[in-house]
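One structure is given below, encoded as structure tokens.
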Amino acid sequence: MAEEKQKAKKVSRIGLDSRFWKTFIVVLAAFFTFAGPTYVIYVLRSFLDINFTVSVIFGFVLFVAGLTLDWYLIKNKVVS
């Protein structure tokens, strides 16, 4: 019982107690996971003329950040 309260306290500390923030974090995680390795690389390479290797590394970092955020949301039972 105390462990559940502690988890609930962690979730509310980040602000996941409102429906708006839950939705925002889920959409942000989806953006990082799917748009990071595709559209962000394209924008960095085509429009900003950044080196291809740097843009791919940045896309991979966003992908990992999205997966980590997804894992966090599932672990704290924000998303089932």
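Values in this text are rule-based calculations from the coordinates and carry no lab data. These figures come from a predicted structure and were not determined experimentally. As a convention, Cβ positions derive from the backbone with ideal geometry for all residues, glycine included, and neighbour counts pool all protein chains shown.
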Odd one out for residue 80, checked against (1) over 15 Å from residue 30 (Cβ atoms); (2) surrounded by 12 or more Cβ atoms within 10 Å (Cβ to Cβ):
(2)
Hey, can you tell me all the residues within the range 40-62 that are within 17 Å of residue 30 (Cα to Cα) and among the aromatic types (Phe, Trp, Tyr)?
58, 60
